[in-house]
1. What are the residues whose amide H is under 5 Å from the amide H of G197, where those residues sit 5 or more places off or on another chain and H is modelled from the backbone?
2. Going highest first, how would you order 69-80, 163-174 by mean Cβ packing within 10 Å?
3. Order 89-97, 194-202 from most to least packed using the mean count of other Cβ atoms within 10 Å.
4. Post the alpha-carbon centroid distance, region 1-80 to region 195-246, in whole angstrom.
5. So what J values fall out for region 44-53 if you push phi through Karplus, 6.51 cos²θ - 1.76 cosθ + 1.60 with θ = phi - 60°, rounded to Hz, Gly and Pro as x?
6. Can you give the FRET efficiency to the nearest 0.05 for V194 and E95, using r as the Cβ-Cβ distance and R₀ = 22 Å?
7. Please compare each pair in K70/K154; K27/K57; K62/K150; K119/K150 to a cut-off of 25 Å on the Cα-Cα distance and tell me which ones are over it.
8. In whole Hz, what ³J(HN,Hα) sequence does region 88-94 give by Karplus (6.51, -1.76, 1.60; θ = phi - 60°), x for Gly and Pro?
Amino acid sequence: MKLDQATIAKLAAHLENCELEGQDTVKITDAHPDMDWDDAYAIQDEIQRRKVARGNKIVGWKAGLTSHAKMEQMGVETPVFGFMADYYAIPEGGECKVSELIHPKVEPEIAFVMKTALKGPGCHIGSVLAAVDFVMAGIEVIDSRYRDFKFDLKSVIADNTSATRFVVGGQPRPVSEVDLRTLGIVFEKNGEPVAFGAGAAVLGHPAAAIAMLANHLGERGQEIPAGALILSGGITEAVAVEAGDCVTLRMQGMGSVGMRFV
Ligand code: OOG
Ligand code: MG
């Protein structure tokens, strides 16, 4: 760690205030070029602690930058992990208020719900499939707090990987019944298909993203608890949205899920 506790707390408060007020900011590595990976996750942990202290529940985790499309779009090469708070959840078909956000984008993702806890290190696709209860369609809304959505990996990790809202739904399926790699998706904005993909876009097998998350948390003495919701990371590039838009994700054999931006 390169940053002291006071600096970590100050940066966490700043980034969380930007989130809560819908304000953008310059990336934090501009002022702290020496910060390391542990500092970045420590800032994210401090944001999580602030939310829990305020009474929010942590309902799940997310992997991000797990597909080549996303890595290329954002100019980075490693997956990142974040958490999801209760108030990020939007009901199926519900409204997402753009006025609360900075510059939202949407991503088609596979949502996993855990049957049993999963603790790394050493987790692999097999351990994930044994621990997952069911999978369903999910749309993540990301909203980087950084100006013009421009960041480096440490800055985006500290900013809880741009997490802001999500919707899950459609027709959940037991994970044993789904071929996660060939699972096809069509992502529509205002009735027009705008992106297409298959599950294998996520690290060759979407369960690999959950294994990486479990191993990442395991290194920090944490586990994925039973019942947690986990988003796999976007299968395609993220798509910008504005008030008036509606988006729908159709997932092969698993129905569809959507939300509206107001
Ligand atoms: C970082 C978060 C990426 C995903 O699914 O790849 C992410 C970003 O692009 O702002 O959530
Ligand atoms: Mg995402």
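Please treat every number below as a calculation from the coordinates, not as lab data. Since the structure is predicted, the reported quantities are computational estimates derived from the model, not experimental observations. Glycine also receives a Cβ, built like all others from the backbone with ideal geometry; neighbour counts cover every protein chain displayed.
1. It is I185, by chain and number.
2. Numbers: 69-80: 16.8, 163-174: 20.7.
Highest mean packing first, the order is 163-174, 69-80.
3. Values: 89-97: 15.1, 194-202: 19.7.
With the highest mean Cβ count within 10 Å placed first, the list reads 194-202, 89-97.
4. When both Cα centres are located, 17 Å separates them.
5. 4, 4, 5, 5, 4, 4, 4, 5, 4, 4
6. Details: r = 20 Å, r/R0 = 0.91.
FRET efficiency, V194 to E95: 0.65.
7. On the way: K70/K154 16 Å; K27/K57 27 Å; K62/K150 20 Å; K119/K150 33 Å.
Result: K27/K57; K119/K150 exceed 25 Å.
8. Running phi through 6.51 cos²θ - 1.76 cosθ + 1.60 with θ = phi - 60° gives 6, 6, 10, x, 4, x, x Hz.
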